[in-house]
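Down below is the structure, laid out as C-alpha cells.
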Amino acid sequence: SQELEQSPQSLIVQEGKNLTINCTSSKTLYGLYWYKQKYGEGLIFLMMLQKGGEEKSHEKITAKLDEKKQQSSLHITASQPSHAGIYLCGADRGGSQGNLIFGKGTKLSVKP
Amino acid sequence: SQTIHQWPATLVQPVGSPLSLECTVEGTSNPNLYWYRQAAGRGLQLLFYSVGIGQISSEVPQNLSASRPQDRQFILSSKKLLLSDSGFYLCAWSADGTYEKLFFGSGTQLSVL
C-alpha cells in the first residue's frame, strides 16, 4: 500500500529563517496536497500539485513536486510565528474521490 | 460560500458508552463527505466516506459506523466505545469530481477513559 513519509517530524526555527519540509511517497503521486493544521483545529488547504516538476507559491510558502512525482517539498521563506502548526502532505490514492492518505505531519514551531 | 460544522469540539466518554458525532455542510449540494481520525503519533486515517445519501463506504474495520441521513449531514457513531477510539476526529467534504480538494471541519477531540 502507498505510504507517505514526512521529514522532519518536528522543527523549531527562529523567526525570519527559511525552512523546508519533505514528503516522500513509496509510489508515484497523482495528486499531492499540502495542508496546515493549527494545534487541535481542522486542516486548511494550502496547495495541490499534480504535474512532475510543478511548483506553486502562496505568499511565503512554496511547494514543489519532483519530476518523478515521488517527492514533494514545502519551503517557507522568512518564517513568522503565524506559520507555526502541523503541516501534512496528502496523496490521492486513486479510485474513490477524495480518498487521500496522509503523512504523519511535521510540527513547526517558530520562535519570535 | 460553503461552510462545514462539526460538533462537539471536545468529548470525554467512558469506555462502553455510545458515541455520536455530527457534521453538517452548508452552501453546497451533493458533497462527498468523509470522516478521518488522527491518533496520537499517527497520520490521518480515512474511516468512512459517502458519495450520497445512505451510501457509506468503510475503509477500516472497527466498532465505529457512519450514516448519512440527509444530503449534507454525516454522523459518526459507536454503540460501545473502546479506549483505542480516542483521537481527533475530522469531518471533511469535497465537491463531486476528481482531484477536488478537501475542506475540513474544526475537529472533535475524543477522549475515552
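Find me the longest stretch of chain A that has none of the exposed trypsin sites (Lys or Arg not before Pro), where exposed means in a DSSP loop (not H, G, I, E or B) with at most 14 other Cβ atoms within 10 Å. All intermediate terms of the calculation are to be shown ahead of the outcome.
Details: sites that count: A:17, A:27, A:38, A:51, A:60, A:68.
That gives A:69-112 as the longest site-free run.
Which pairs break 18 Å Cα to Cα here: A:27/A:51; A:17/A:104; A:17/A:107?
Violating the 18 Å limit, Cα to Cα: A:17/A:104.
Treat every Asp and Glu Cβ in chain B as -1 and every Lys and Arg Cβ as +1, leave all other atoms uncharged, and give the resulting dipole magnitude about the Cα centre to the nearest 20 debye.
Values: 7 positive and 7 negative charges, 58 e Å.
It comes to approximately 280 debye.
Under the Kirkwood approximation for Rh and a Cα-based Rg, what ratio Rg/Rh is obtained for region A:1-102?
Radius of gyration relative to Kirkwood radius: 0.96.
Going toward the positive end of the dipole of chain A, with +1 on Lys and Arg Cβ and -1 on Asp and Glu Cβ, which of A:82, A:112, A:62 do you reach last?
Working it through, the farthest residue towards the positive pole turns out to be A:112.
Once every Cα of the protein assembly as shown carries one equal point scatterer and solvent is ignored, give the base-10 log of I(q)/I(0) from the Debye formula at q = 0.12, 0.16, 0.18 Å⁻¹, two decimals.
-0.65, -1.11, -1.33
Mean 1/r over all different Cα pairs, inverted: what Kirkwood radius does region B:3-112 give, in Å?
13.9
Step through the residues of region A:105-111 one at a time and calculate ³J(HN,Hα) from phi using the Karplus curve (6.51 cos²θ - 1.76 cosθ + 1.60, θ = phi - 60°), rounding each to whole Hz and writing x for Gly and Pro.
Couplings: x, 10, 8, 10, 10, 10, 8 Hz.
Percent antiparallel among DSSP beta bridges with both residues in the protein assembly as shown, to the nearest 5?
Counting only bridges with both partners in the protein assembly as shown, antiparallel ones make up about 90 percent.
At 20 °C and 1.002 mPa s, grab the translational diffusion coefficient of region B:50-113 from Stokes-Einstein with a Kirkwood Rh over Cα pairs, rounded to a whole number in µm² per second. Display every interim value, and only then the final one.
Values: Rh = 13.3 Å.
Taking Rh from Cα pairs, D becomes 161 µm²/s.
Compute the signed sum of charges (Lys and Arg +1, Asp and Glu -1) over the other residues within less than 10 Å, Cβ to Cβ, of residue A:51.
Numbers: positive: A:69; negative: A:54, A:55, A:67.
Computed value for this residue: -2.
How many percent of DSSP beta bridges within chain B run antiparallel, rounded to 5?
90
Laboratory data are not the source of any read-out in this text; all were calculated from the coordinates shown. Being a predicted model, the structure only gives us computed values, none of them experimental. Every residue, glycine as well, gets a Cβ built from its backbone with ideal geometry; the counts of neighbours run over all protein chains shown.
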